[in-house]
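Q: Please see the structure below; I have some questions.
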Amino acid sequence: MWATLTRELDKLMLYAGDHPTIELEDVNLLVPRTLEDNVFQLTDYLMKRQLEPAIRLIRDLEKQGQEVLALLGLMARQYRMMLLSKRLAEQGYGERQIASKVGAHPYAIKLALQAGKRFTFAQLEQALVAITTTDEGMKTGRGDKRILFDALIVRLATL
């Protein structure tokens, strides 16, 4: 992780040259997003019911060689974390306590709690059922992976 951070910082400093500051646009331009960052962005698009940018992001990830099963697994993790964090917060747990119970970084829990506010418990449960059903369909050959995944994306964007 530190090697990656150092490499990206070196790249940004080289790009900035004589300029005293590195701008956010520079970071967005030069530093690639991780798969988890992209899945978080995808989930955010779906929560905001922004289907077109969600599909565009998925196609970009596919062009980069990402498998829909990997995306599906990360999406399941994201929705599961939102549901679990929301339940524990409702029971009176704080962000740090939830992070400890779930085994996640406190910042990830903070984001999950913020995102989870946009959903009811029923909607999060429906999303997880839809993701699980899609996963099972893909793994048992009940349909084309891409078609099943796209249908899931449409469904999640309409919850």
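Q: Regarding Ala115, is this residue buried (at least 16 other Cβ atoms within 10 Å of the Cβ) and free of Cβ contacts under 8 Å to residues at least 60 places away in the same chain?
A: Judged against the criteria, Ala115 is not a match.
Q: Would you pick out the residues in the range 90-109 that are buried (at least 16 other Cβ atoms within 10 Å of the Cβ) and part of a helix (DSSP H, G or I)?
A: If the condition is that a residue be buried (at least 16 other Cβ atoms within 10 Å of the Cβ) and part of a helix (DSSP H, G or I), then Glu95, Ile98, Ala99, Val102, Ala108, Ile109 are the ones that fit.
Q: Go over the candidates Asp26, Asp60, Asp37 one by one and state the one that is among the acidic types (Asp, Glu) and within 26 Å of Leu113 (Cβ to Cβ).
A: The conditions single out Asp37.
Q: Scan (1) basic (Lys, Arg); (2) free of Cβ contacts under 8 Å to residues at least 40 places away in the same chain; (3) not in a helix (DSSP H, G or I) for the single condition Arg56 breaks and write down its number.
A: If we test Arg56 against (1) basic (Lys, Arg); (2) free of Cβ contacts under 8 Å to residues at least 40 places away in the same chain; (3) not in a helix (DSSP H, G or I), just (3) comes out false.
Q: Please verify whether the range 63-71 includes one or more residues that are in a helix (DSSP H, G or I), in contact with a Leu (Cβ under 6 Å, 6 or more places away or on another chain) and among the hydrophobic types (A, V, I, L, M, F, W, C).
A: no
Q: Can you pull out every residue in the range 12-29 that is part of a helix (DSSP H, G or I) and open to solvent by 80 Å² or more (accessible area, probe 1.4 Å)?
A: Listed by number, the residues that qualify are Met13, Leu14, Tyr15, Leu24, Glu25, Asn28, Leu29.
Q: Can you find even one residue in the range 31-43 that is of a type outside the set (Asp, Glu), open to solvent by 80 Å² or more (accessible area, probe 1.4 Å), more than 30 Å from Ile147 (Cβ to Cβ) and touching a helix residue (DSSP H, G or I) at 6+ places or on another chain (Cβ under 7 Å)?
A: no
Q: Going through the range 110-139 one residue at a time, which ones are β-branched (Val, Ile, Thr) and at pLDDT below 95?
A: Within the range 110-139, just Thr120 meets the criteria.
The values are calculated or read from the model by the stated rules, or taken from the named source; none is laboratory data. A quick note: this is a predicted structure, and the numbers were derived from the prediction, not measured. Because the Cβ atoms are built from the backbone with ideal geometry, glycine has one as well, and the counts that use them run over all protein chains shown. The protein model used for the area step is the full one, side chains on, heavy atoms only, and it has no ligands, DNA or RNA in it. Shrake-Rupley method; radii C 1.70, N 1.55, O 1.52, S 1.80 Å.
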